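Notes follow the structure.
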Amino acid sequence: MTLQFRQQNNFLYFTWKRSRSMQLRYLQCAVEQVACCGRVEYSRKPRAFFWLIISTLCCAAISLAEAQTTRRVPLDHSSIQAAINASTGGDTVLVAPGTYVENINFNGKVITIRSESGPSVTVIDGNNAGSVVTFGSGEGASSELTGFTIRNGRGDYGGGGISIGGASPSIRGNVITNNGACTGGGIYSSFASP
């Protein structure tokens with residue numbers, strides 16, 4: 001069965017016709033139309049209303065599964081990078097005060113990494129093992145780093161503290177200190193606009 005619908009006077013009218021190939025697609029469209037219009041009037045076949053209810057419940061379950069998550073370090077994850085690796089688009093990584101000896105890479109994810117209490121008590125220490133923070137996979141303005149002291153990074157060429165290549169992240173409220181590289185010891189930006 002497929003669902004056919006038409007809109008008239010800001011209401012959605014739908015009917016069922018026999019055809020199995022496009023059933024799921026039409027149900028999805030119907031659910032989107034219902035969300036848009038806010039009201040549905042249906043045909044004489046009660047079966048159509050039943051399938052609309054089922055599809056709406058399925059869509060709600062999928063939406064809940066894809067909800068944004070706040071990942072806490074070290075409560076949920078032992079390191080900032082572990083929280084990044086577990087994150088999906090729209091997630092927030094919230095970091096408790098402390099010193100985290102690691103080098104992190106956003107890996108192209110659209111996430112926010114934020115300290116709970118600001119840069120005076122939340123430090124990411126690169127241990128002179130490379131750039132402390134790397135944005136190098138096309139991250140945009142929705143990829144955000146906020147509220148850290150970023151220190152002891154050593155970039156091979158550029159960006160001991162923060163290395164940005166081919167990305168345009170948001171970097172706010174950080175203290176970048178005691179980092180080194182041939183170019184841009186604190187922040188190095190190439191083909192980017194942070």
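The values are calculated or read from the model by the stated rules, or taken from the named source; none is laboratory data. Since we're looking at a predicted model, the values are computed, not measured. A quick note on method: Cβ atoms are made from the backbone with ideal geometry, for glycine too, and the neighbour counts reach across all protein chains shown. All accessible areas refer to the heavy atoms of the entire protein, side chains included, with ligands and DNA or RNA removed. Shrake-Rupley method; radii C 1.70, N 1.55, O 1.52, S 1.80 Å.
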Please list, ordered by chain and number, the residues whose modelled amide H lies under 5 Å from the amide H of Thr70; skip anything fewer than 5 residues away on the same chain.
Thr92
Obtain the nm distance between the two label points defined at Glu102 and Thr88 by a simple spin-label model: each point lies 7 Å from its Cα along the Cα-to-C-beta direction.
2.1
Backbone N under 15 Å from the Phe191 label point (7 Å along Cα→Cβ), restricted to the range 133-150
135-140
How high is the relative contact order of the range 118-194, in percent, counting Cα pairs under 8 Å that sit 6 or more residues apart?
33
Intensity falloff of the range 72-194 expressed as log10 I(q)/I(0), Debye formula with alpha-carbon point scatterers, at q = 0.14, 0.16, 0.20 Å⁻¹
-0.49, -0.65, -1.05
Which far-off residues, 5 or more places away or on another chain, put their amide H under 5 Å from the one on Thr149, with H placed in the peptide plane?
Thr122, Val123, Ile124, Val175
Sort Leu75, Leu94, Leu145 by heavy-atom solvent-accessible area, probe 1.4 angstrom, most to least.
Leu75, Leu94, Leu145
